[in-house]
């Protein structure tokens with residue numbers, strides 16, 4: 001009987017494991033992220049790398065008050081991984097940092113054309129970086145992507161229910177925002193391509209795996 005009870009508790013714990021899209025007690029829709037590292041090409045398709053770095057370091061800094069732009073924040077979490085390895089992000093720990101570090105919408109070139117309601121909302125984007133631990137060099141462009149659609153996923157934190165609207169243009173890329181976040185906490189945004197250089201961003205509450213992708217640049221021959 002004791003063995004049966006233990007097996008039942010383990011099964012219940014497994015079913016209760018938080019995942020993207022699951023509403024958590026604090027009101028957020030994302031709480032713990034289980035992900036894995038994957039090398040991709042320019043079209044975000046999986047590729048084989050002949051000599052991948054043996055020690056990959058993932059950095060997760062944050063961008064307060066905007067979705068794009070430079071940052072100088074310390075990492076919310078740092079992980080050492082290898083290609084194909086799985087890892088977990090504890091967003092409960094991150095939320096305590098971002099609750100203090102998040103800011104209202106900044107007035108920058110990157111946010112021109114973007115509006116937020118209510119304006120007093122404080123938010124931050126979780127950024128993604130991947131380095132070779134042995135050389136200290138960035139390996140390639142990194143981002144979360146949806147395992148099925150291969151579209152970009154952006155992880156954001158907001159301190160209250162809010163909505164984002166408008167459009168921005170950075171260099172030759174354009175983004176349209178149609179985002180309604182009904183609760184505070186972490187949320188996924190999915191960037192759906194409208195063309196080669198334009199995207200529309202909306203909240204994503206699906207349950208597909210979020211992959212940490214590292215784009216490998218094709219070598220010139």
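Looking at this structure, is residue 204 within 20 Å of residue 89 (Cα to Cα) and touching a residue at least 40 places away in the same chain (Cβ under 8 Å)? Break it down into steps so the answer makes sense when it comes.
Details: within 20 Å of residue 89 (Cα to Cα): yes; touching a residue at least 40 places away in the same chain (Cβ under 8 Å): yes.
Against the criterion (within 20 Å of residue 89 (Cα to Cα) and touching a residue at least 40 places away in the same chain (Cβ under 8 Å)), residue 204 qualifies.
Could you tell me which residue of region 81-95 is modelled with the highest pLDDT, considering only residues that are surrounded by fewer than 16 Cβ atoms within 10 Å (Cβ to Cβ) and within 13 Å of the chain's Cα centre (by Cα)?
Restricting to residues being surrounded by fewer than 16 Cβ atoms within 10 Å (Cβ to Cβ) and within 13 Å of the chain's Cα centre (by Cα), the top hit is 88.
Within 14 Å of the chain's Cα centre (by Cα) and either surrounded by 18 or more Cβ atoms within 10 Å (Cβ to Cβ) or over 19 Å from residue 32 (Cβ atoms) (or both): which single residue out of 72, 68 fits that description?
Values: 72 fails: within 14 Å of the chain's Cα centre (by Cα).
From the options 72, 68, the qualifying one is 68.
Are any of the residues in region 174-191 more than 22 Å from residue 62 (Cβ to Cβ), over 19 Å from the mean Cα position of the chain (by Cα) and either modelled with pLDDT under 90 or surrounded by 13 or more Cβ atoms within 10 Å (Cβ to Cβ) (or both)?
So far as region 174-191 goes, yes, one or more of its residues are more than 22 Å from residue 62 (Cβ to Cβ), over 19 Å from the mean Cα position of the chain (by Cα) and either modelled with pLDDT under 90 or surrounded by 13 or more Cβ atoms within 10 Å (Cβ to Cβ) (or both).
Check off (1) within 23 Å of residue 183 (Cβ to Cβ); (2) in contact (Cβ under 8 Å) with a residue 40 or more places away in the chain; (3) more than 19 Å from the chain's Cα centre (by Cα) for residue 55 and give me the number that stays unchecked.
(1)
In region 74-82, is there at least one residue being in contact (Cβ under 8 Å) with a residue 60 or more places away in the chain, more than 27 Å from residue 199 (Cα to Cα) and assigned to a loop (DSSP other than H, G, I, E, B)? Steps first, answer last, please.
Step one: list which residues in region 74-82 are in contact (Cβ under 8 Å) with a residue 60 or more places away in the chain, which gives none.
No, every residue in region 74-82 fails to be in contact (Cβ under 8 Å) with a residue 60 or more places away in the chain, more than 27 Å from residue 199 (Cα to Cα) and assigned to a loop (DSSP other than H, G, I, E, B).
What are the residues in region 47-61 that are in a loop (DSSP other than H, G, I, E, B), touching a strand residue (DSSP E or B) at 6+ places or on another chain (Cβ under 8 Å) and either surrounded by fewer than 18 Cβ atoms within 10 Å (Cβ to Cβ) or modelled with pLDDT of 85 or more (or both), if any?
In the first step, residues of region 47-61 are kept if they are in a loop (DSSP other than H, G, I, E, B); the result is 47-55, 61.
Those still in the list that are touching a strand residue (DSSP E or B) at 6+ places or on another chain (Cβ under 8 Å) too: 47-49, 52-53, 55, 61.
47, 48, 49, 52, 55, 61 - these are the residues of region 47-61 that are in a loop (DSSP other than H, G, I, E, B), touching a strand residue (DSSP E or B) at 6+ places or on another chain (Cβ under 8 Å) and either surrounded by fewer than 18 Cβ atoms within 10 Å (Cβ to Cβ) or modelled with pLDDT of 85 or more (or both).
Determine whether region 123-145 contains at least one residue that is over 25 Å from residue 211 (Cβ atoms) and either at pLDDT below 95 or crowded, with 16+ Cβ neighbours inside 10 Å (or both). So that I can check it myself, show each step before the final result.
Filtering region 123-145 for residues over 25 Å from residue 211 (Cβ atoms) gives none.
No - not one qualifying residue is present in region 123-145.
Cβ-Cβ distance below 9 Å, separation of 6 or more or different chains: which pairs start in region 130-144 with a residue that is in contact (Cβ under 8 Å) with a residue 40 or more places away in the chain and end on one that is outside any loop (DSSP other than H, G, I, E, B) and surrounded by fewer than 15 Cβ atoms within 10 Å (Cβ to Cβ)?
130/138; 131/138; 132/138; 133/80
Within region 96-120, how many residues are touching a helix residue (DSSP H, G or I) at 6+ places or on another chain (Cβ under 9 Å) and modelled with pLDDT under 90?
Final tally of qualifying residues: 0.
Looking at region 62-80, which of the residues that are over 10 Å from residue 124 (Cβ atoms) and touching a strand residue (DSSP E or B) at 6+ places or on another chain (Cβ under 7 Å) is modelled with the lowest pLDDT?
Looking only at region 62-80, we keep the residues that are over 10 Å from residue 124 (Cβ atoms), and these are 68-70, 72, 74-75, 77-80.
Imposing the further condition that a residue be touching a strand residue (DSSP E or B) at 6+ places or on another chain (Cβ under 7 Å) reduces the set to 68-69, 75, 77-80.
On the way: 68: 91, 69: 86, 75: 92, 77: 92, 78: 92, 79: 93, 80: 91.
Looking at the filtered set, the residue picked out is 69.
Looking at the structure I just gave you, is residue 166 in contact (Cβ under 8 Å) with a residue 40 or more places away in the chain and surrounded by fewer than 16 Cβ atoms within 10 Å (Cβ to Cβ)?
Here the answer is yes, as residue 166 does meet what is asked.
Of 111, 78, 104, which residue is under 16 Å from the mean Cα position of the chain (by Cα), surrounded by 12 or more Cβ atoms within 10 Å (Cβ to Cβ) and more than 18 Å from residue 188 (Cα to Cα)? Working first, answer last.
Working: 111 fails: under 16 Å from the mean Cα position of the chain (by Cα); 104 fails: under 16 Å from the mean Cα position of the chain (by Cα).
Testing whether each residue is under 16 Å from the mean Cα position of the chain (by Cα), surrounded by 12 or more Cβ atoms within 10 Å (Cβ to Cβ) and more than 18 Å from residue 188 (Cα to Cα) leaves just 78.
The values are calculated or read from the model by the stated rules, or taken from the named source; none is laboratory data. Just so it is clear, the model here is predicted, and its values are computed rather than measured. Ideal geometry is used to build each Cβ from the backbone, glycine not excepted, and the neighbour counts take in all protein chains shown.
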